[in-house]
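Engineer: My questions all concern the structure below.
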Amino acid sequence: MGDQGSSWLPDAMSSVARDVDALFNFVLIVSTILFAAVIVSTIYFVIRYRRRSDQYVPERIKESKWLEAAWIILPTILTMIIFTWGFRVFITLSTPPPDSYQITVRAKQWFWEFEYSEGATSTSDLYVPVGKPIKLLMSSGDVIHSFFVPEFRIKHDVIPNRYTSVWFEATEVGEYRIYCTEYCGQQHSMMLGMVRVVTQEEFDDWLDEQSQDLPPVELGERLFTQYNCQVCHATDGSRLIGPPLNGLFGITREFDDGMTAVADDNYLRESIVNPGAKVVAGYPNAMVATYGSLSTKQIDALVAYLKSLE
Amino acid sequence: MASTSVASAGHPGHLQHHFVSEEQQFDASKMGMWLFLVTEILLFSGMFVAYTVFRIWYPEVFAHSAELLDWRLGGLNTVVLLASSFTVALGVHYAQLDNKKGLVINLILTIVFATIFIVVKYFEYTGKFAHGVFPGINFQPHGVGGGHIYAEYDIPFAAQFFSIYFVMTGIHGLHVLVGMGLFAWLITRALRGHFTSSYYTPVELTGLYWHLVDIIWIFLFPLLYLI
Amino acid sequence: MTEMTPSVSGNSGTVNYLNHDKSIKSWLLTRDHKRIGIMYLVAISLAFLAGGIMAMLIRLELLSPGETIMGPDAYNQAFTIHGVLMIFAFIIPALPAILGNFVIPMQLGAKDVAFPRINLLSFYLYLGGAVITLSALLVGRIDGGWTFYAPYSVQVGDSILFVTMGVFVMGFSSILTGLNFIVTIHKMRAPGLTWNRLPLFVWSIYATAIVQVLATPVIAITVILLFLERLLGIGIFDPALGGDPVLFQHFFWFYSHPAVYVMILPAFGIISDLIGAFSRHRIVGYRFVALSSIAIAFLGFLVWGHHMFVSGQSALASTVFSLITYLIGIPTGVKIINWISTMYRGSVQLRTPMIYALIFLFTFSIGGFTGIMLGVLAVDVHLHDTYFIVAHFHYTMLGGNVIAALGGLHFWWPKMTGKMFNETLGRIAAGLIFIGFNLTFFPQFIAGSRGMPRRYFDYPSEFVGLNVLSTYGSWIMAAGFFLIAGYLLFSLFKGKKAPANPWGALTLEWTHTASIPEPHNFTVTPVVTRGAYDYHLVPEFYAGPSSGDGSSAGLATQEVAPETTHEK
Ligand code: HEA
Ligand code: HEA
Ligand code: CUA
Ligand SMILES: [Cu+2]
């Protein structure tokens, strides 16, 4: 919880966040006042006009058409104010400035992939420069996901076979969590990511670094966490959803159909791109098949990394 | 909505105990039936919306795919259904006149027309299936027939057209079958002399239902076969 | 109370709807709206219990981040089953089918609903639908939430076939119930019972029935299409086959938004009856309150898109939906203000049902105001699919519908069973529920505003505190519900015998039927000469020694007797 956030909202870290917050707070305050009026008058009447005698029947009170009309007209005016305001902020939210820097987002069960116009890619971590409008062009590889960054007050569904977009301008350097907010299956709540807002220079450096080649093992290690493999696989020998992956290379594996095989390069590769082909005995066939879309380079790196694990 | 008789002392046989008068009972049944028809219309509206949306998105595909449906068979069925609506109306008319024979004959005619409709539909469906025109993922048109080279229709979103076609006409066909069952039931009751000029609510209500089934077809036919 | 009016026979030693035939068969094949109401009460309470147990498991899992008592698969199924049961098997049928069935014909002065056999059919459809839905659990996993968004829903497995079928069948039941009520209210009113004299519960059930009849067919066709999508892959909703998932959302919400008014309108009706009876005051702005139900029903059809502000519908559509969404707050506000004005200069008595009415004003207002916040386009972008939504709809559904249902259940319990419940325990339970409810769901508003997404098995540690509060609250609330179930059941055996009109209310079920009504409700059809809340017209009704429950002997007889002229 940052110093600027109210107890209600997280810190406002994008250019539009303050507008949204002003609106939110206005509606909240108006509602609280109206709510208090409802409750206070209820309590007052209940006490003031409590039944004193079982025989007493109150007179009918005079009704006033004007009063009834007032109940209708005043809230109408109020809601129209809120509507107009909400509409204007919404228009700002849904129109990216023309000079926005565009990043392509691809959502898959259950990770985020980002592709920058310079050809660099990243998974789970979205790198953006501070103070520059960013437009995300998003699509999904399987089911519907939704891209949400609370500090930026932005959210939009990510849909298969169609592009949707959302934009923001981060106002401060920092790290802000990305959530997936549309239910997308088992690991929906683990489909997290991080927006890493850096200065323009750092961003440019990072882009350069991406285009250089990392050694396969290091790249594999990075991919291993980026693609959330560690959610299901420990590398210290403990059992998670899937089997631990250290010391796997070269040993003999037993499968649920009774067959066995030696864990060689090909087996590792197959286990990643087509996990259902050989299912390790004692484990459910729970690994997703979406990794089949990784590039050859990435798979090679992952295999190299797995082999390096003791 | 109709009610078989619950005889209780002092009431006419078909007046249920919780109604005050026959008039009230008749009004209630009729209103109930109208409301039911409203729900039927809304059920089909859902499908019409799906049809409209896809038609707006892919007008050419839909116009092209519609060629595969034989408008002559659809037209025949339209005529048949219209005729059956007419016989139902006649049936109601004879019931009002206490003419049992007229009522029964017209009900039988209605069933005959409905049967023709279903038989024609059966041939239309099997004709499509034979060429791999199935609803859904099995859609794989092939072969030649009726002057069409089916493979020409294996284009994106043609499957959607036929899915919608099968779903709409399928659900409509189910309604026809239900109607046939109702008419058969009415015939047995009519033969036992249950209907008189003072009580023919079930005939009237089933008639209303049948007209709706007819009207829905009147919309389906041009939308699917003609445009 | 035998001496009250010639039309009301006492409840001891005479024939009533419960004892005139006690065989199981007579229950299972009954066409008596009161017995059908009771059967619904039993079945729907079981559904509520099952859904509630799921909720307790959800809360227990969320007590701490990561795995607490179950894994992600189990959790995802738990909230799906919770949602499906609570919506389709509990809250949509609850008020019309239980209290509507039991009370409406009596409030109308009728012997039964217009189509008693269809009424029974709709009960069995409900039961069948619920069983089919639950059998999905045997086939495989059902997850995805109660909204079943395509394409996820058609990918999980064949159990979706059972769920869609079950929902279809329950929807049919809902349609038939609604249809029955519309016709009953139109055609079966007692002589003199004009539209302006109708109890507001009747008005609200009427508005509800309109929504049931007009909206439910759309969910029927939607689930048929979803069913076929899974079975045949017809490609209407699944993008992999060329379909459009957003179209599914439009179809789904076209029903499911109006459905929220199926849930809340009957609750409004109950609250009107309760506030009228316990303030002994004519409902202020009766006509506005009655017609606002109709207005809400119709406006409710035009706002479904407010569930889709961030799902890729056009900005123009969003704008229109947002605008109409606010308009719904206005007729609702009219009701709330008129209820409060009814207490003004009234004679307010805080019996258990009235306490629920007051709790309703508190909790439902919060639910409603947060609904307005969600209708604000830019704010909803931030709040959509977070715990703020979860809190909003529990405040409206639990804080609205369920609280009103509890009020109604306590109010009509003496009429249903002929027994009084324990007032002290009633108040304690109401207190537990009020405290537990707010403790459970208020923290969720904050968690949601701060960004915690819904349908999350696991959550970041910053939300631990709020979730712990919420889980503790759920225990208090559950204690309240079990207490109610306990003392109500207890009252069946040991409860004090209820007088015909324990609350001194003026609608026909209180003034003209015994507590435990006879099988056909009325010996003679009542003739109505005044409105449902014209307490000021019958002050003598409350004079005399045993007054307060309105059963004060002779005078009441004089008031009522001249009306009861219309012989069977
Ligand atoms: C009983 C059920 C019920 C009821 C009555 C309501 C009532 C309302 N709901 Fe709610 N809603 C749900 C059940 C309900 N809702 C459910 C289940 C969902 C989520 C579904 C899901 O995704 O799983 C949902 C979601 C939902 C959303 C979508 C949020 C999202 O997913 O992003 C929105 C957005 O507009 C909304 C708005 C409203 C509004 C404006 C009302 C209004 O009717 C409220 C009107 C009442 C008041 C406003 C208070 C009283 C008024 C006054 C005292 C007068 C003064 C008022 C003013 C001047 C404004 N609801
Ligand atoms: C009527 C509707 C209704 C009701 C009453 C409830 C009741 C409760 N709900 Fe529910 N809830 C929903 C409808 C409802 N819910 C819906 C639609 C969803 C969305 C699902 C989705 O995402 O798809 C949801 C989701 C939901 C979530 C979010 C899950 C997630 O997003 O991950 C949570 C979390 O706290 C929750 C909690 C609770 C709790 C603690 C209760 C408690 O109040 C329950 C207490 C009840 C009991 C303990 C039972 C006691 C009963 C008896 C003793 C029987 C006796 C009978 C009588 C007294 C008559 N609910
Ligand atoms: Cu991706 Cu939820
Ligand atoms: Cu809604």
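The values are calculated or read from the model by the stated rules, or taken from the named source; none is laboratory data. No experiment lies behind these values; they were computed from the predicted model shown. Glycine gets a Cβ as well: all are built from the backbone with ideal geometry, and neighbour counts include every protein chain shown. Ligands, DNA and RNA are stripped out before the accessible areas are found, and what is left, the full protein with its side chains, is counted by its heavy atoms. Shrake-Rupley method; radii C 1.70, N 1.55, O 1.52, S 1.80 Å.
Engineer: Based on the Cα atoms of the stretch C:320-478, what semi-axes does the equivalent ellipsoid have, where each is the square root of 5 times one gyration tensor eigenvalue, given in whole Å with the largest first?
Structural biologist: Listed largest to smallest, the semi-axes of the stretch C:320-478 are 31, 22, 11 Å.
Engineer: Counting Lys and Arg as +1 and Asp and Glu as -1, each charge on the Cβ, what is the dipole of chain A about the Cα centre in debye, to the nearest 20?
Structural biologist: I would put it at about 2120 debye.
Engineer: If you don't mind, there's one more thing I want to ask. How crowded by other chains is C:67-77, given as the mean number of beta carbons from other chains within 10 Å of each beta carbon?
Structural biologist: For this peptide, the per-residue mean of nearby foreign Cβ atoms is 2.
Engineer: Could I ask something else about it? At what distance in angstrom do the alpha carbon centres of the stretch B:109-128 and the stretch B:180-227 lie from each other?
Structural biologist: Here the two parts' Cα centres lie 17 Å apart.
Engineer: Answer rounded, prolate or oblate for the stretch A:216-308, using the Cα gyration tensor with square roots of eigenvalues a ≥ b ≥ c: rounded when a/c is under 1.5, else prolate when a/b is larger than b/c, else oblate.
Structural biologist: Rounded shape, in that the Cα axes give a/c under 1.5.
Engineer: Taking a ≥ b ≥ c as the square roots of the eigenvalues of the Cα gyration tensor of the stretch C:114-187, is the shape rounded (a/c under 1.5), prolate (a/b larger than b/c) or oblate?
Structural biologist: Taking the square roots of the gyration eigenvalues as a ≥ b ≥ c, the stretch C:114-187 is prolate.
Engineer: Starting from the eigenvalues of the Cα gyration tensor, five times each then square-rooted, give me the equivalent ellipsoid semi-axes of the stretch B:105-215, largest first, whole Å.
Structural biologist: 39, 13, 9
Engineer: Return the sequence-ordered ³J(HN,Hα) values of the stretch B:14-28 in whole Hz as given by the Karplus equation 6.51 cos²θ - 1.76 cosθ + 1.60 applied to θ = phi - 60°, using x for Gly and Pro.
Structural biologist: After applying 6.51 cos²θ - 1.76 cosθ + 1.60, I find 8, 7, 6, 4, 8, 9, 7, 9, 4, 4, 4, 5, 5, 4, 4 Hz.
Engineer: Give me the base-10 log of I(q)/I(0) for the stretch A:17-94 at each q in 0.12, 0.15, 0.20 Å⁻¹, Debye formula, one uniform scatterer per Cα, rounded to two decimals.
Structural biologist: Each listed q corresponds, in turn, to -0.58, -0.76, -1.02.
Engineer: Can you send over the solvent-accessible area of B:PHE219, 1.4 Å probe, protein chains only, in Å² to the nearest 10?
Structural biologist: Spelled out: B:PHE219, probe radius 1.4 Å, area about 120 Å².
Engineer: Given an 8 Å cut-off on Cα distances and at least 6 residues of separation, report the relative contact order of the stretch C:429-486 as a percent.
Structural biologist: Relative contact order of the stretch C:429-486: 62 percent.
Engineer: What lysines could a cross-link reach from B:LYS30, if we take a straight Cα to Cα line under 26 Å and drop same-chain neighbours fewer than 8 places away?
Structural biologist: Once the sequence-local lysines are set aside, what remains near B:LYS30 is B:LYS100, B:LYS101, C:LYS34, C:LYS111, C:LYS187, C:LYS568.
Engineer: Collect residues whose amide H, placed 1.01 Å from N in the peptide plane, falls under 5 Å from the amide H of A:VAL158; neighbours closer than 5 in sequence don't count.
Structural biologist: A:HIS145, A:SER146, A:PHE147
Engineer: Tell me whether the stretch B:144-189 comes out rounded, prolate or oblate; compute the Cα gyration tensor, take square roots of the eigenvalues as a ≥ b ≥ c, and use a/c under 1.5 as the rounded threshold.
Structural biologist: Oblate shape, in that a/c is at least 1.5 and b/c is the bigger or equal ratio.
Engineer: Which residues, if any, in the stretch C:161-204 have at least 40 Å² less accessible area in the whole protein complex than in the isolated chain, probe 1.4 Å?
Structural biologist: Relative to the lone chain, where solvent access is computed with a 1.4 Å probe, the stretch C:161-204 loses at least 40 Å² at C:LEU179, C:VAL183, C:LYS187, C:MET188.
Engineer: Rounded to the nearest 100 Å², what is the buried accessible area between C and B, both sides summed, probe 1.4 Å?
Structural biologist: In total, this chain pair buries about 3000 Å².
Engineer: Just to be sure I understand the model, the point goes 7 Å from the Cα along the line to the Cβ. What's the resulting B:THR126 to B:VAL178 distance in nm?
Structural biologist: For B:THR126 paired with B:VAL178, the spin-label model returns 2.7 nm.
Engineer: Let me ask you something else. Given C:PHE168, C:THR184, A:LEU207, which one lies farthest toward the positive end of the charge dipole of the protein assembly as shown, if we put +1 on the Cβ of every Lys and Arg and -1 on the Cβ of every Asp and Glu?
Structural biologist: C:THR184
Engineer: Need one value for B:28-40: mean number of C-beta atoms belonging to other chains within 10 Å of its residues' C-beta atoms.
Structural biologist: Other-chain Cβ atoms within 10 Å of each residue's Cβ, averaged: 6.
Engineer: Can you pull the Kirkwood radius for the stretch A:101-208, inverse mean 1/r over Cα pairs, to one decimal in Å?
Structural biologist: 13.7
Engineer: Can you list the lysines whose alpha carbon is less than 24 Å from that of A:LYS307, not counting same-chain residues fewer than 8 positions off?
Structural biologist: Candidates past the 8-residue exclusion: A:LYS278, A:LYS297.
Engineer: Something else now. Carbon and sulfur: what percent of chain B's accessible surface (1.4 Å probe)?
Structural biologist: For chain B, the apolar C and S fraction of the accessible surface comes to 71 percent.
Engineer: List for the stretch C:295-312: residues with 10 Å² or greater reduction in accessible area, all protein chains versus chain alone, probe 1.4 Å?
Structural biologist: C:PHE309, C:VAL310, C:SER311, C:GLY312
Engineer: Express in whole angstrom the spacing between the alpha-carbon centres of the stretch C:254-329 and the stretch C:79-149.
Structural biologist: Distance between centres, Cα-based: 21 Å.
Engineer: Along each principal axis of its Cα atoms, how long is the stretch C:400-466 end to end? Whole angstroms, biggest number first, please.
Structural biologist: Over the stretch C:400-466, Cα extents along the principal axes are 52, 20, 18 Å.
Engineer: So if R0 is 22 Å, what FRET efficiency would A:PHE35 and A:ALA70 give, r being the distance between their Cβ atoms, rounded to the nearest 0.05?
Structural biologist: 0.70
Engineer: A further question follows. Considering only protein heavy atoms and a 1.4 Å probe, what is the carbon-and-sulfur percentage of the accessible area of the stretch C:182-253?
Structural biologist: In the stretch C:182-253, the share of accessible area belonging to carbon and sulfur is 62 percent.
Engineer: Continuing with the same structure: Nothing charged except the Cβ atoms of Lys and Arg (+1) and of Asp and Glu (-1): what's the magnitude of the dipole of the protein assembly as shown about its Cα centre? Round to the nearest 20 debye.
Structural biologist: 5100
Engineer: Between A:ALA281, A:ALA120, A:ALA70, where does the largest GNM mean-square fluctuation fall for chain A, given springs only between Cα atoms within less than 10 Å?
Structural biologist: Taking springs between Cα atoms under 10 Å, the residue moving most is A:ALA70.
Engineer: Okay, moving on. Kindly report the accessible area of the stretch B:22-226 per residue (heavy atoms of protein chains, probe 1.4 Å, no ligands, DNA or RNA), in Å².
Structural biologist: 42
Engineer: Rolling a 1.4 Å sphere over the protein heavy atoms, what is the accessible area per residue of chain C, to the nearest Å²?
Structural biologist: Per residue, chain C has 28 Å² of solvent-accessible surface.
Engineer: Set the bar at 22 Å for Cα to Cα. Now go through A:LYS135/A:LYS155; C:LYS335/C:LYS415; C:LYS25/C:LYS497 and name every pair that lies beyond it.
Structural biologist: From A:LYS135/A:LYS155; C:LYS335/C:LYS415; C:LYS25/C:LYS497, over 22 Å: C:LYS335/C:LYS415; C:LYS25/C:LYS497.
Engineer: Tell me which aspartates and glutamates have Cα within less than 16 Å of C:LYS496's Cα, excluding those fewer than 8 residues away on the same chain?
Structural biologist: Straight-distance partners of C:LYS496: C:GLU423, C:ASP549.
Engineer: Hey, what did the stretch B:82-198 get for relative contact order, percent, Cα under 8 Å, at least 6 apart?
Structural biologist: Value for the stretch B:82-198: 32 percent.
Engineer: Kindly provide the pair-distance distribution of the stretch C:24-543 built from C-alpha pairs, with 10 Å bins from 0 and whole-percent values in order of increasing distance.
Structural biologist: For the stretch C:24-543, the binned pair fractions read 4, 19, 30, 28, 14, 5, 0, 0 percent.
Engineer: Under the definition of partner shielding as Cβ atoms of other protein chains within 10 Å of a residue Cβ, what is the mean value for peptide C:271-283?
Structural biologist: 2
Engineer: Take chain A, drop everything but the C-alpha atoms, weight them equally and run the Debye formula without solvent; then report log10 I(q)/I(0) at 0.08 Å⁻¹ to two decimals.
Structural biologist: Here the Debye-derived log intensity ratios amount to -0.54.
Engineer: State in Å² the accessible area per residue of chain A; use a 1.4 Å probe, count heavy atoms of protein chains only, and round to the nearest integer.
Structural biologist: 48
Engineer: Another one. Hey, could you get me the Stokes-Einstein D for the stretch B:22-226, Kirkwood radius over alpha-carbon pairs, 20 °C and 1.002 mPa s, rounded to whole µm² s⁻¹?
Structural biologist: For these conditions, the coefficient is 116 µm²/s.
Engineer: With the contact rule set at Cα under 8 Å and sequence spacing of 6 or more, what percent relative contact order holds for the stretch A:216-308?
Structural biologist: For the stretch A:216-308, the relative contact order is 36 percent.
Engineer: Another one. For the pair C and A, how large is the buried accessible area, both sides, in square angstrom to the nearest 100, if the probe is 1.4 Å?
Structural biologist: Buried area between the two chains comes out at roughly 7600 Å².
Engineer: If you don't mind, another one. Which Cα, out of A:TRP110, A:PHE87, A:SER64, lies furthest along the positive dipole direction of chain A (beta carbon charges, K/R +1, D/E -1)?
Structural biologist: Toward the positive end, the furthest listed residue is A:SER64.
Engineer: Mind putting a number on the dipole of chain B about its Cα centre? Charges go on the C-beta only, +1 for Lys and Arg and -1 for Asp and Glu, and I need it in Debye to the nearest 20.
Structural biologist: Rounded to the nearest 20 debye, it is 480 debye.
Engineer: With no solvent and one equal point scatterer per Cα, compute the Debye intensity ratio I(q)/I(0) for the protein assembly as shown at 0.10 Å⁻¹ and report its log10, rounded to two decimals.
Structural biologist: -1.33
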